[in-house]
1. Against the definition (at pLDDT 95 or above and out of contact with any helix residue (DSSP H, G or I) (no Cβ under 6 Å at 6 or more places or on another chain)), how does His128 come out, yes or no?
2. Output the residues belonging to the range 82-112 that are in a strand (DSSP E or B) and buried (at least 18 other Cβ atoms within 10 Å of the Cβ).
3. Give me the pairs, please: first residue somewhere in the range 82-103 and under 22 Å from Leu153 (Cα atoms), second residue anywhere and assigned to a loop (DSSP other than H, G, I, E, B) and more than 6 Å from the ligand (Cβ to nearest atom), beta-carbon distance under 7 Å, and either six or more positions apart or on two chains.
4. Count, please, the residues in the range 7-62 that happen to be touching a Leu at 6+ places or on another chain (Cβ under 6 Å) and among the aromatic types (Phe, Trp, Tyr).
5. Considering the range 52-81 alone, what residues qualify as being more than 24 Å from Pro157 (Cα to Cα) and either without any contact (Cβ under 8 Å) to a residue 40 or more places away in the chain or not in a strand (DSSP E or B) (or both)?
6. Please identify the pairs in which a residue from the range 1-23 that is assigned to a loop (DSSP other than H, G, I, E, B) has its Cβ atom under 6 Å from the Cβ atom of a residue that is at pLDDT 85 or above and of a type in the set (D, E, K, R), counting only partners at least 6 apart or on another chain.
7. Of the residues Val138, Val149, Val79, which is at pLDDT 95 or above and away from the ligand (no atom under 14 Å from the Cβ)?
8. Would you pick out the residues in the range 27-81 that are polar (S, T, N, Q) and crowded, with 18+ Cβ neighbours inside 10 Å?
Amino acid sequence: MRVLSIRQEGGPPVFEDGPSVLKEILEDLPSFWGERDMRAQHQPVWLRQFASDAVVVRRDGVPLGYLLGAVTTHELAYVQLIATRTDHRGHGLGRLLYDTFLSQARSRGARRVEAITATTNTGSVAFHQRLGFSAHVVPDYAGPGQARVLFGLAPLPQGH
Ligand SMILES: CC(C)(COP(=O)(O)OP(=O)(O)OC[C@H]1O[C@@H](n2cnc3c(N)ncnc32)[C@H](O)[C@@H]1OP(=O)(O)O)[C@@H](O)C(=O)NCCC(=O)NCCS
């Protein structure tokens, strides 16, 4: 795989360019999620108010993967979602996105990270466990009858 750059200028998206990144992603959702309708999970807040915490990997200007998340004031980093293009998986992009996000998060005081996924998303569970996350099914996490898998990692690994 060719050397990847995170944004052409280097660094995560910032507030000013967050909306344009959101537009790019929303116009190309099936390339990342296939048939799943994920529009509701891409609330504007993640690439407007929290744009500086997001990470996008591009090659030749084209987004190959992205991670939306935020660092709280309570030493917690939260990942809303992560996705890589269906035809670019298994090449370390997901790990690169997490490494970059966690490095930023750690430098801003985060000591632990949480993420969630649907209980049916076995690929996401395997991926997160491979990265060292614990995984627990939490009943009613997102409301009555809405269980989710909650991932946790603490403390953040050295190097992040
Ligand atoms: C989950 C996802 C982001 C992984 O991206 P990726 O670029 O393929 O991940 P990587 O290549 O960096 O894989 C990192 C490690 O996880 C492992 N892994 C990744 N997907 C896996 C899977 N489905 N099953 C088992 N292991 C998996 C890889 O083998 C790799 O292990 P290694 O580093 O020891 O070799 C990608 O599959 C995706 O976008 N899925 C759809 C969106 C989604 O479900 N996101 C998560 C919920 S928000």
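The values are calculated or read from the model by the stated rules, or taken from the named source; none is laboratory data. The model shown is predicted, which means the values in this text are computed figures rather than measured ones. Note that each Cβ is placed from the backbone with ideal geometry, even for glycine, and that neighbours are counted across all protein chains shown.
1. Judged against the criteria, His128 is a match.
2. Residues satisfying the conditions are Ile82, Ala83, Thr84.
3. Listed by first residue and then by second, the contacts come to Arg95/Leu131; Leu96/Leu4; Tyr98/Leu131; Asp99/His160; Thr100/Ile6; Leu102/Leu156; Leu102/His160; Ser103/His160.
4. Residues in the range 7-62 being touching a Leu at 6+ places or on another chain (Cβ under 6 Å) and among the aromatic types (Phe, Trp, Tyr): 1 in total.
5. Asp60, Gly61, Val62
6. Leu4/Arg59
7. Details: Val149 fails: away from the ligand (no atom under 14 Å from the Cβ); Val79 fails: away from the ligand (no atom under 14 Å from the Cβ).
From the options Val138, Val149, Val79, the qualifying one is Val138.
8. Selection gives Gln80 alone.
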